[in-house]
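First comes the structure, then the notes that go with it.
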Amino acid sequence: MRGRRPRAAILAVLVALAMPARADEPPVLPAYPAVRPGVPLRFPADHGAHPAFRTEWWYLTGWLRGPGGQERGFQVTFFRTRPAIDQRETGAFAPDQILLGHAALADPAQGRLLHDQRARRVGFGLAEAATGETDIVLGSWRLTRDPTGRFHARVPATGFSLDLDLDPTQAVLLQGDRGYSRKGSDPAEASYYFSLPHLAVTGTVVEQGRSEAVTGEAWLDREWTSTLLDPAAVGWDWLGANLDDGSALTAFQIRDAAGRAIWAGGSWRGADGVLVPLGPADIAFATERRWLSPRTGTSYPVEQSVAVTIDGTKRLWHLAPLFDDQELDSRPAGGPVYWEGAVRLEGGRGYLELTGYLAPLKL
């Protein structure tokens, strides 16, 4: 009996921490900051977390080459979210910040993604996202940026492991209007958004117990927002592509339930370094072939063409997947089912993200 009393006391404390401060009053919800044009992005501070905003992500995608020249795709993503909980709740156990991580290896020899995921409440040194600089801890997973600008991704995942160094070879690319990226007709439907294309990658991949040195090229997307999507939006198609001549293409469309584009945008930075922002009239996606997932029954447009108008000149790229089955089911960690795949296109390689095809995306 003596052993039960301490446990009961601890349980009572935890229950008290989880309850609203006053059950007879309405909750005090977070006042999320709005995303506004004209706010300058600041570096290195904006490499770090922005905990006042509702959500943000650090999104790494890229292609890797092994000693024999074999190619694989990879994804390492960390999400931070600030839940809409009563702000009168206090204490170390209050879930006021949540971190989620996704990692995937796209190996044609496997024929489907190897992937893993994590989700934890921030705190206790087990899940942390530093402000002022990239330094994310999610259990044994970590993403950091050192004073030279090099990123380090260490992801010992189930079934595979990634240990990668990623060196910028180009300047930060400010998306949209100097980092203010519209996602809908309402100016509030926007994010702060910058990218680092053409990251030079070196490191090690462990797959099926075998360690292999790899090189490659990657892309980092950084976004934070409080109100991202039009209420009519169900998901998006997004492409980030590193072209062989050093240019970089971003293209996205936001879709409604009928599959129509309700907004589109992106950017083109040429090999000469000149940046051209792209708006809804400059981007058009067209489906060329679909793939049906045998697990979820979801139909994805895994082959697409993207028509992009750059300074009045229309260019067309055809996107072909490294292989079809690059579906990622992140529901066990509280995320969506989506397709995130390595794709080839004329003169380069990239990653295509397809969300909202199984069910409307809820951020």
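Here are the numbers for the structure shown:
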{"item": "Contour minus Cα-Cα distance for Val276 and Thr215 (0.36 nm per residue)", "result": "19.0 nm"}
{"item": "Diffusion coefficient, µm² s⁻¹, Stokes-Einstein with Kirkwood Rh over alpha-carbon pairs of the chain at 37 °C and 0.692 mPa s", "result": "153"}
{"item": "Lys, Arg +1 and Asp, Glu -1 on Cβ, resulting dipole of the chain about Cα centre, debye, nearest 20", "result": "1260"}
{"item": "Relative contact order [Cα under 8 Å, 6+ residues apart], the chain, whole percent", "result": "14"}
{"item": "Between helix 4-18 and the chain: long-axis angle, C-alpha atoms, 0 to 90°, nearest 10", "result": "50"}
{"item": "Per DSSP, loop chymotrypsin sites (Phe, Trp or Tyr not before Pro) in the stretch 117-194 with at most 16 further Cβ within 10 Å", "result": "Phe124"}
{"item": "Between the stretch 328-363 and the stretch 92-162, the alpha-carbon center distance in angstrom", "result": "18"}
{"item": "Trypsin sites (Lys or Arg not before Pro) within the stretch 222-283: DSSP coil, no more than 16 neighbouring Cβ in 10 Å", "result": "Arg260"}
{"item": "The stretch 196-297: Rg to Rh, with Rh as the Kirkwood radius over Cα pairs", "result": "1.05"}
{"item": "Theoretical gain in end-to-end length, Leu316 to Leu126 [0.36 nm per residue, Cα-Cα removed]", "result": "63.8 nm"}
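A short reminder: the numbers here are calculations on the coordinates, not readings from a lab. It should be emphasised that the depicted structure is a prediction, and the values quoted were computed from it without experimental measurement. Cβ atoms come from the backbone with ideal geometry, glycine included; neighbour counts cover every protein chain shown.
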